[in-house]
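Encoded as structure tokens, the structure appears first; notes follow it.
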Amino acid sequence: MPSDADSDADADADTHTERELTVDLSAYDELRDETVSLRVNENGLYIADHEESGVSSQGQSEEIAIENLQEAVSTYRDGQSDDTGDDWL
């Protein structure tokens, strides 16, 4: 018997529409040569997903979603680096 979580995930998948990416990713340093997918939710909000890191971001347009994703991926990568940032202590 499927759990409530399974039903919620199925409902979520039904409310998002996959879209073909029309933005040129070569203009975005953090996303160049990366795999990015785009979907639109039931409210028309664009959601961009960076496949390699699992980071997602959103925006009112495809361009804004990609710009926000670039910033989110950059922040994610900074957080994943070995540098703790505590050199000033």
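Annotations
- Some residue of the range 39-52 being surrounded by fewer than 15 Cβ atoms within 10 Å (Cβ to Cβ) and within 13 Å of residue 73 (Cβ to Cβ): yes
- Qualifying positions in the range 18-34 - basic (Lys, Arg) and either touching a strand residue (DSSP E or B) at 6+ places or on another chain (Cβ under 6 Å) or surrounded by 14 or more Cβ atoms within 10 Å (Cβ to Cβ) (or both): 19
- Qualifying residues in the range 56-81 (those that are β-branched (Val, Ile, Thr) and surrounded by 18 or more Cβ atoms within 10 Å (Cβ to Cβ)) - the one farthest from residue 15 (Cα to Cα): 73
- Scope the range 38-76; condition small (Gly, Ala, Ser) and in contact with a Ser or Thr (Cβ under 8 Å, 6 or more places away or on another chain); matching residues: 48, 65, 72
Each reported figure results from applying straightforward, stated rules to the coordinates on display, with no laboratory input. What you see is a predicted model, and the numbers here were worked out from it, not measured in a lab. Here the Cβ is made from the backbone with ideal geometry for all residues, glycine too, and neighbour counts use every protein chain on show.
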